[in-house]
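Below you'll find the structure, written out as structure tokens, and then a few comments.
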Amino acid sequence: MQVEICPVSEKVADYSKHVTETLKRHGLRVHLDDRNEKLPAKIRDAQLQKIPYMLVVGPKEAEAGSVSVRHRSKGDLGPKPLAEVVASLQREVADRVPS
């Protein structure tokens with residue numbers, strides 16, 4: 001798994017699904033954590049599973065068409081537009097894969 005989507009609440013379920021589908025369409029391995037848990041528990045679980053990126057989705061992000069990016073080792077990287085995150089993750093994957 002490369003990316004864990006962590007919705008803040010069920011109110012952003014539709015946008016969370018949109019983010020998940022968008023990342024899958026671009027060839028990334030994504031999991032949507034739609035359990036009825038608090039956000040810190042979802043982040044902790046993703047950390048324990050050693051998932052490199054967690055994308056936190058809340059009402060502000062849904063309204064702006066963005067996601068709040070957390071990296072497993074670098075911590076909180078702040079909100080970024082979804083398209084920018086997709087491009088950045090694709091570049092990172094392309095740089096890692098030996099040709």
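The values are calculated or read from the model by the stated rules, or taken from the named source; none is laboratory data. Here the structure is a predicted model, which is why all the values come from computation and not from measurement. Every residue, glycine as well, gets a Cβ built from its backbone with ideal geometry; the counts of neighbours run over all protein chains shown.
Restricting attention to the range 80-88, does a residue exist that is in contact with a Gly (Cβ under 7 Å, 6 or more places away or on another chain), closer than 19 Å to GLU21 by Cβ and either among the charged types (D, E, K, R) or surrounded by fewer than 19 Cβ atoms within 10 Å (Cβ to Cβ) (or both)? Break it down into steps so the answer makes sense when it comes.
First pass over the range 80-88, keeping only residues in contact with a Gly (Cβ under 7 Å, 6 or more places away or on another chain): 81-82.
Now drop any that are not closer than 19 Å to GLU21 by Cβ, which leaves 81-82.
Then drop every residue that is not either among the charged types (D, E, K, R) or surrounded by fewer than 19 Cβ atoms within 10 Å (Cβ to Cβ) (or both), which leaves 81.
Yes, because at least one residue in the range 80-88 is in contact with a Gly (Cβ under 7 Å, 6 or more places away or on another chain), closer than 19 Å to GLU21 by Cβ and either among the charged types (D, E, K, R) or surrounded by fewer than 19 Cβ atoms within 10 Å (Cβ to Cβ) (or both).
Looking only at the range 23-61, count how many residues are farther than 21 Å from GLY75 by Cα and either of a type in the set (Asp, Glu) or buried (at least 16 other Cβ atoms within 10 Å of the Cβ) (or both).
Selection size over the range 23-61: 1.
Out of the residues in the range 31-46 meeting the condition of being assigned to a loop (DSSP other than H, G, I, E, B) and touching a strand residue (DSSP E or B) at 6+ places or on another chain (Cβ under 7 Å), tell me which one is modelled with the highest pLDDT.
Filtering the range 31-46 down to residues assigned to a loop (DSSP other than H, G, I, E, B) leaves 33-38.
Among the residues that remain, those that are also touching a strand residue (DSSP E or B) at 6+ places or on another chain (Cβ under 7 Å) are: 33-34.
Numbers: ASP33: 96, ASP34: 93.
Filtering first and then ranking leaves ASP33.
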